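**Student:** One structure follows; several queries about it will come next.
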Amino acid sequence: MLPKIRSAIAEKCCAMTIDMWADTFRQMSYTNLTAHFINKEWEFKGTEKDRYQLASLDIQIGGLKDVIFVSDNGANIIKAALCSYKRPSCSAHNLNIVLSHSFKADTLKAKGAQDIINTLGACKRAVTFNKKSELNQKLKRSVHQHVETRWNSKLMLQSVERQIAEVRLLLDEERLSAKLEGFDEHLAKNLTKFLELFRGATDQLEKEKEPTLHLVLLWQSKRLKYCFDNDGDRHSIRELKSLTEKILAEKYAVNDERKIATFLWPPFRSLRMIPEVEREAVYAEVRQRCERPELYGRRNNSAKFPALSEIARKVLSVPATKASSERNFSKAGIVMERRSRLRPQSANDLLLVNNNAF
């Protein structure tokens, strides 16, 4: 596999996800790189068994100038590690930022959406108490806590909303029904529906066994359409949708590379989800890249349209998110949790074996 990764890098058809993690106990920092590429047989290589560490590739830093790195928006990565490389942002990370901005208490209060603040606050109080008092064990399904940096964790609301009667009963038995003061069940259902759209997008975009970059535009169009369609919604939900739509359109608009990826995926090559002006711009960019007028070619047309085929290999090799690197660090935490004296090389070897086990 290592020769194949080297070949993909040489052919400029390789992308990498990158993440950094610090072990505060041992005062050590780690960087994870995961290679993704489509080989000439049109097989997407981004699964666990195809992850290798950069050190194993024996490639000089200069040889990585054509590799595309997918990362979050952390300053340590943008300014230090990847300042001279092409770096698209992790789409799942961006969605989490969108939700963080949309649910800011000050913004919602200014928009007259105090009922959303009250419902979320009551949910947090109930979940926190249930966790600390071990009442969680009496529920059929566990309630989940909100963690700002964890993707889609605001859907903790769903874990309460689906069993609100049981949660109320437990709190009443403890004479703490005030914990749920301000909780609006109808509003909670609407908020859950809103948040599920983001979780659905994240679940699709963080896949590792197939290309995902072409899905970014599709999910962006679906979210914007949902936010625009607000007839019949109560005032607070309309304001939340309007705010989210504005943030999505202004700060996290889909760039040309993601539009090209959608065009290169045969079922969506018509690009009906974007205006004609943007569609023509995508066509023009692809024509310019392959220096010929043909507009379509992939698995069965690679011989007929070699230039366009190579563009597809390069563009579709880029994952939409850095989820693979996130998963690697989750495994690293498990490996090192009870092994404080484990040498870095030993930790690397254990992860390499784990990721490449059949």
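Only the coordinates and a few stated rules stand behind these numbers; no lab work does. From a predicted model like this one, the values you see are computed outputs, not experimental measurements. Cβ: placed from backbone, ideal geometry, glycine included. Neighbour counts: every protein chain shown.
**Student:** With a cut-off of at most 14 other beta carbons within 10 Å, and DSSP calling the residue loop, which trypsin sites (Lys or Arg not before Pro) in the range 152-230 qualify? Please list them.
**Tutor:** 175, 209
**Student:** Placing unit charges on C-beta atoms (Lys and Arg positive, Asp and Glu negative, everything else neutral), compute the dipole magnitude of the range 95-251 about its Cα centre in debye, rounded to 20.
**Tutor:** My answer is approximately 180 debye.
**Student:** Please list, in order along the range 228-236, the HN-Hα scalar couplings obtained from phi with the Karplus expression 6.51 cos²θ - 1.76 cosθ + 1.60 (θ = phi - 60°), rounded to whole Hz, x for Gly and Pro.
**Tutor:** For the range 228-236, the Karplus curve yields 6, 7, 10, 5, x, 7, 5, 3, 5 Hz.
**Student:** Just want the ordering: 11, 245, from fewest to most Cβ atoms lying within 10 Å of their own Cβ.
**Tutor:** Ascending Cβ contact count within 10 Å gives the list 11, 245.
**Student:** Let me ask another. Could you put 68, 274 in order, starting from the residue whose Cβ has the fewest other Cβ atoms within 10 Å?
**Tutor:** Final ranking by Cβ density, sparse to dense: 274, 68.
**Student:** Could you list, in their original order, any pairs among 109/246; 193/314; 111/138; 132/241; 207/251; 138/331 whose Cα atoms are separated by more than 28 Å?
**Tutor:** 193/314; 111/138; 132/241; 138/331
**Student:** Looking at 158, 244, 204, which one has the Cα that reaches farthest to the positive end of the dipole of the range 95-251 (charges on Cβ: Lys, Arg +1; Asp, Glu -1)?
**Tutor:** The Cα lying farthest towards the positive end belongs to 204.
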